[in-house]
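Single-structure report; data block below.
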């Protein structure tokens, strides 16, 4: 039995929660922005993630995964562009952390020293979200398991599944944003601790870039 073309909706809900909770570049970037610049900038980054996810979901519905599978050269270009961008974000964060580590302790926040990748959170988060061809392939392989192929209007179950995962994403990112704001209050006067955390985040972005560079269509 299906719910408007969605089969086994509660299994999908549990799976969607697990997917959202898995650490990735989107959530890590939003947390970094919120920690560095506060709640407002965090939500700007979250909006970039929402727009990017919406575009990926639309591309998935239009068969983007099939296009990437049938055009290995296109997948190669998108894959390495995404890997290069994630690596650049990571290097920028590590470099900014190194500069911050060498500065003397101060109780005044230095807005000018905010890494360039955190200064335009909407645009940066949008690019990070879009440059991930594996996300398109994963969304397609995950969604099709819960769509009844005999349902008369396939767009309806797809919209239901998309709405569920977007709501969970909004709740999770909101929690990260407020967590980041609290961390900013706690670490504002601890410059070297903040630099250490920033360098760790940068290293994770470098790891995400390496993972994407070695991704395959299988």
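Ranking 204, 86, 22 by Cβ neighbours within 10 Å, fewest first, what do you get?
Fewest-to-most Cβ neighbours within 10 Å comes out as 22, 204, 86.
Arrange 67, 131 by Cβ neighbour counts within 10 Å, fewest through most, would you?
67, 131
Let's test the formula: R0 of 35 Å, r as the Cβ-Cβ distance of residue 207 and residue 123. What FRET efficiency results, to the nearest 0.05?
That pair, residue 207 with residue 123, gives E of 0.95.
Measure out, as a whole number of angstrom, how far apart the alpha-carbon centroids of segment 164-184 and segment 28-87 sit.
When both Cα centres are located, 17 Å separates them.
How do 53, 148 rank when sorted from fewest to most other Cβ atoms within 10 Å of their own Cβ?
Ranked by crowding around the Cβ, least crowded first: 148, 53.
Coordinate-derived values only; no laboratory data. If you're wondering where the values come from, they're calculated on a predicted model, not measured in any experiment. Note: ideal-geometry Cβ built from the backbone for every residue, glycine included; neighbour counts use all protein chains shown.
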